[in-house]
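Everything on this sheet refers to the single structure shown next.
The values are calculated or read from the model by the stated rules, or taken from the named source; none is laboratory data. This structure is a prediction, so every number in the text was calculated from the model and none was measured. Because the Cβ atoms are built from the backbone with ideal geometry, glycine has one as well, and the counts that use them run over all protein chains shown.
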Amino acid sequence: MQILTSHLGYGTGVGRSVVVLGVDGQLTAELVGAVTLELGPVESVPGWSIGSCARVVLPDELSPGTYVVRVGSVESEPFVVEPDRVQRQTMSDVLAYFKAMRSSGEIDRKDRAARLWGDESGTTVDARGGWLDASGDTSKFLSHLTYTSTMSPQQIPLRAWAMLAARDQISAWHPALVRLLGSRLRDEALFGADFLVRFRSPEGYFYTGIFDALTKQLDERVITAPLQNSVRTARYQSAYRHGGGLAIAALARASTTDADGDYPRSTYLAAASEAFTHLEQHNREYLFDHTESIIDDYCALLAATELTAALRTADDAEGVRVAANAAWRRASSLVSRYVSPGDGPGWFRADEDGRPFVHAVEPGLPILALLRFAEVFPTSRQASIARTTAVRAMLDVLDRTAAVPNPFGYPRSPAGFFFPHENETGYWWQGENAAIASLSAAASACAHLPDVPDADKHRLKTFAADQLAWILGRNPYDVCMLQGRGRNNVDYHSDYPNLPGGIINGITGGWTNEQDIAFLPPDAPESDHWRWAEQWIPHTAWYLLATASAP
């Protein structure tokens, strides 16, 4: 039997718990030296070959201190409870990780004159800056998987936007940390904004990425949009869902900060406005199927919303009118995609075929986009509808998650616990720490709304805390997935080491049985270890935003 805790401890808010793995028989639980605890039902998670487990909820009112949970004769590792515990233990490390992942040195010198794949004109782009993609991939992506309709993840632009959003969340919910983190979050975000200004074509679109086909050869670094098997293409124009929308959102939000980066704030706003005008005219043209999906909707919604807020600050009435109209249109489209069957949890329609929206990286982003829209347009009737839809969608995730035995509180989508291995990419699936952190951020955002009932607030905060606890060690493998903290950190590759403060891909469905659970399974070849053990910047950025607003 093993008692699993968050390795880095807990804050003083609600929603804290431990999980007992391998429960055998009728046992009692206690917080050693404090109180008797209730051992939840002993149950097995459907499909998971981890044995029986039970949840032990810690008291909501728990004084700061160091604690141990005892179940039968087994004791947990000691854990700390104190205000802002997880934020203080991890957010500085996460920012240091991003600084370490900045493009620099010979890579940056090469990217000062980046070539375009398939272009023989000699044209080059000043593409220095930005963050490298992963432990074993020195690419820089606004988004990869751009040949799919419903799987494009938001990469570098989301990092910049999330840092600015996290800065605001820290000010609102953890004000004691503003001095420690506020200026660092802003400055790292501006580093990303500077890259986005440069990584835009004279025609007005952003490029999708720089990729060396995984060769690690400087001469192979070109601006491209890859297909599977590292096949490069000249279709490198970013549509809304390819990172273009989040690039606009990040630049617009950066223009409202209290400092300039390499460029003045007016340049950020001008780049965002010009790119928005361009994509409003050309978005479908840049899609491989010329058909918009839900990702276009929520990325365009966030772009138009942030641009509206920034243009208000700049006192540009006509610009506000145009951006606001686009935001209202996208909010209506996103709300119309929500399906409420009446006999169970609902879902967003992903595409024209009506498939449920299931995303391995950012399932919480549609909810956050609707809530940001409601925040920027607080008095409009449409804002109320957007807010109601966002909360309903989040509570439906909670209902679906609780519909089966699930002591860890791991989220379930319409497809089940983990993202299907057979999907439209043809090869791509991996651990989903970014996905669960995005849902944690969305749950916390809903919990902070004043009109959400107290019982739902408690459920939302508990769910949000569960996802962070899973990443920080309260998972079936007792692995803290934030490098350099907690216990049992894993290595990826000796030539491409994981860096302190970064978060690995994480746990997946089973290697041979997708209904099971897996983490570095012994029967998986070493060439597939990236699926679990490699760090990737979306995980760390989503964790940053989730932690900023968590209890």
Problem - Unique residue being under 15 Å from Thr148 (Cα atoms), of a type in the set (Ser, Thr, Tyr), touching a helix residue (DSSP H, G or I) at 6+ places or on another chain (Cβ under 6 Å) and buried (at least 24 other Cβ atoms within 10 Å of the Cβ) when the list is Ser255, Ser238 - result: Ser238
Completion exercise
Across the range 52-72, the tally of residues that are closer than 20 Å to Gln2 by Cα and surrounded by 14 or more Cβ atoms within 10 Å (Cβ to Cβ) stands at 13
Exercise for the section: Might you check whether a residue that is touching a residue at least 60 places away in the same chain (Cβ under 8 Å), among the β-branched types (Val, Ile, Thr) and in a strand (DSSP E or B) occurs anywhere in the range 33-40? Expected result: no
Exercise for the section: Kindly indicate whether any position in the range 164-174 is in contact with a Phe, Trp or Tyr (Cβ under 9 Å, 6 or more places away or on another chain) and crowded, with 24+ Cβ neighbours inside 10 Å. Expected result: no
Completion exercise
(1) part of a helix (DSSP H, G or I); (2) surrounded by fewer than 23 Cβ atoms within 10 Å (Cβ to Cβ); (3) not acidic (Asp, Glu) all hold for Ser440 apart from (2)
Problem - Residue count for the range 281-296, restricted to those that are part of a helix (DSSP H, G or I) and more than 22 Å from Ala386 (Cα to Cα) - result: 5
Completion exercise
Within the range 399-422, of all residues that are polar (S, T, N, Q) and within 20 Å of the chain's Cα centre (by Cα), the one farthest from Lys457 (Cα to Cα) is Ser413
Practice task
Would you check if there is a residue in the range 233-251 being in contact with a Leu (Cβ under 8 Å, 6 or more places away or on another chain) and of a type in the set (D, E, K, R)?
Solution key: yes
Exercise for the section: Go through Leu468, Leu499, Leu460 for me and flag whichever is in a loop (DSSP other than H, G, I, E, B) and not charged (D, E, K, R). Expected result: Leu499
Exercise for the section: Within the range 402-435, work out how many residues are more than 22 Å from Thr146 (Cα to Cα) and not in a loop (DSSP other than H, G, I, E, B). Expected result: 2
Handout entry: Of the criteria (1) surrounded by fewer than 24 Cβ atoms within 10 Å (Cβ to Cβ); (2) more than 20 Å from Ala275 (Cβ to Cβ), which one Ser135 fails
Key = (1)
Handout entry: Residue check for Ala434: touching a residue at least 24 places away in the same chain (Cβ under 8 Å) and closer than 27 Å to Gly342 by Cβ
Key = no
Completion exercise
Of all helices (runs of 4 or more DSSP H) fully inside the range 297-401, the set with 2 or more residues that are surrounded by fewer than 21 Cβ atoms within 10 Å (Cβ to Cβ) and of a type outside the set (Val, Ile, Thr) is 317-336, 381-401
Problem - Restricting the range 239-267 to residues that are assigned to a helix (DSSP H, G or I) and among the aliphatic types (A, V, I, L, M), the residue that is farthest from Leu301 (Cα to Cα) - result: Ala254
Exercise for the section: Could you tell me which residue of the range 502-542 is nearest to Asp133 (Cα to Cα), considering only residues that are aliphatic (A, V, I, L, M) and part of a loop (DSSP other than H, G, I, E, B)? Expected result: Ile507
Fill in the blank from the handout: Given the conditions (1) closer than 22 Å to Arg159 by Cβ; (2) free of Cβ contacts under 8 Å to residues at least 40 places away in the same chain, every one holds for Gln217 apart from (1)
Exercise for the section: Please determine, by comparing only the residues of the range 443-464 that are over 15 Å from the mean Cα position of the chain (by Cα) and under 30 Å from Gly510 (Cβ atoms), which one is surrounded by the fewest Cβ atoms within 10 Å (Cβ to Cβ). Expected result: Thr462
Completion exercise
Residues of the range 335-372 being under 22 Å from Ala166 (Cα atoms) and among the small types (Gly, Ala, Ser), in sequence order, are Ala360, Gly364, Ala369
Problem - Answer from Ala176, Ala166, Ala114 - the residue that is within 30 Å of Ser494 (Cβ to Cβ) and at pLDDT 95 or above - result: Ala114
Completion exercise
By residue number, the members of the range 138-156 that are among the polar types (S, T, N, Q), out of contact with any helix residue (DSSP H, G or I) (no Cβ under 7 Å at 6 or more places or on another chain) and farther than 14 Å from Thr291 by Cα are Ser139
Handout entry: Selection status of Val20, surrounded by fewer than 16 Cβ atoms within 10 Å (Cβ to Cβ) and aliphatic (A, V, I, L, M)
Key = no
